[in-house]
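None of the figures in this text is laboratory data; all of them are computed from the coordinates on show. If you're wondering where the values come from, they're calculated on a predicted model, not measured in any experiment. A quick note on method: Cβ atoms are made from the backbone with ideal geometry, for glycine too, and the neighbour counts reach across all protein chains shown.
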Amino acid sequence: MAQKIPQGYFARNVDPIGYHDLNSKPAFKLAMQEVNNRWYLYVAHLWHRGWSVLDVTDPAAPEFCSFVPGPENTWTIQVQVAEGKMIAGLERIAPGWGGTDGQPFGEGFYIFDVSAPTKPWQIGRFKTGSTGTHRNFYDGGTLVHAAAAAPGMNGKIYRIVDIADPGNPREVGRFSLPEQAQGAATNGLKFSCHGPAHIEGNRAYLSYGDGGGIILDVSDMSQPKMISQIAFRGITATQGIHTYLPLPSRKIALVNDEAIRENGDENLNMAGIVDISDETRPRMLSLFPLPEPAPESELKNFYEKAGRFGPHNHHHPNHQPCLEGRDDIAYLTYFNAGLRVYDIRDPRQPKEIGYFVPADPLTRNGLKPSRLVAQSEDVIVDRRGYIYLSDKNHGIHILRLKQAWPFAA
């Protein structure tokens, strides 16, 4: 049975299609696969330990299929699905997010067989020997590109893991910055591979906090070599660079930091487009326009709304045929500003062409934000054009761009 879309949202050129409350277990990251003409959405939960599967074949009436519990006292917030496998991150919970200090936690990532889409079956596990993995990259095959902690290192580094034998995964390569060695001088900056490490041929594109956006030559996976680094030290929001997403056919990349602190208590956030036509010398081309509130909201700006305001996650196609692979539109979650959609045909002049800001939740399901307002987290878009949006205290909103664009697929 279709669930009601929470009313009180603000939208321009985006239609709400469906909603599922996820049984009051809000989602963080999202993944998808298509099997036998049916569409399955995989959600990694934020405040609850585990993962759920929804059948979204009918996006107006998504159906809950199953819940797979994860280890206690562990973030199970990351998920990737490709070629019948699900890579589910395990990580120590950051302070203030619901964990219990001093108690055991899971770390690394699980490998699930999801060839039976609604019945994930664990077939392996990789352990980092440290605090676990954050946002990983898996587009099929035998390699997982992990944003992973490692003994003796500060922050996450890039670790390449061979899962050809899922019961015995093994690291085959890694990359870190000199500033991540224990005792290295950091001058108060944060050097950590946020991930995912997008792989395009023999290149890896890493988002690395105050390390910026990094391009690696991974033609020899055992010895990744840096090609370039574009840094924004001291001018980004607290997280530093969160996303470095290449659009290789256009020789550009989408880049953004992540707002961390509430009520704008940090540097102005940054989201824009980088020219990577000369991969040895990437350079900024433009910035996305700062989101403005809907006129009917009566807000002067989103800083008035409470919670975080700033960019978070782009839609990542990850070479998956079930996901939309267009490179003329960018979909970006913006915490209390919801989902923002941009026309990026002219990389020098990106334009906002639509938005969807969910209604503020009525029920608190997690510890954050301090004041209960909408906080959009992740977005993916399927090949049919349906948009899936997660939130800290909502379920999943399913949306669609209005079909009025001259460049619509």
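Worth pointing out:
- Restricting the stretch 213-245 to residues that are in a loop (DSSP other than H, G, I, E, B) and charged (D, E, K, R), the residue that is nearest to V274 (Cα to Cα) is R233.
- Counted residues, the stretch 87-115 - those being in contact with a Gly (Cβ under 9 Å, 6 or more places away or on another chain) and not in a strand (DSSP E or B): 9
Per-residue answers, yes or no, for (1) without any contact (Cβ under 8 Å) to a residue 40 or more places away in the chain; (2) buried (at least 22 other Cβ atoms within 10 Å of the Cβ); (3) of a type in the set (V, I, T); (4) over 18 Å from P321 (Cα atoms):
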residue: Q122; (1), (2), (3), (4): yes, no, no, yes
residue: G129; (1), (2), (3), (4): yes, no, no, yes
residue: T133; (1), (2), (3), (4): no, yes, yes, yes
residue: Y138; (1), (2), (3), (4): no, yes, no, no
residue: A146; (1), (2), (3), (4): no, yes, no, yes
residue: P151; (1), (2), (3), (4): yes, no, no, yes
residue: G155; (1), (2), (3), (4): no, yes, no, yes
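- Where a residue in the stretch 220-234 is of a type in the set (K, R) and its partner, wherever it lies, is surrounded by 11 or more Cβ atoms within 10 Å (Cβ to Cβ), with Cβ under 8 Å and at least six apart: K225/L216; K225/D217; R233/L189; R233/D210; R233/G212; R233/G240
- Only a single item in (1) on the phi > 0 side of the Ramachandran plot; (2) surrounded by 22 or more Cβ atoms within 10 Å (Cβ to Cβ); (3) of a type in the set (S, T, N, Q) is not met by N187, and it is number (2).
- Meets criteria (surrounded by fewer than 18 Cβ atoms within 10 Å (Cβ to Cβ) and not in a loop (DSSP other than H, G, I, E, B)) for E377: no
- If you go through the stretch 40-67 and keep only what is surrounded by fewer than 21 Cβ atoms within 10 Å (Cβ to Cβ) and of a type in the set (A, V, I, L, M, F, W, C), you end up with W47, A60, A61, F64, C65, F67.
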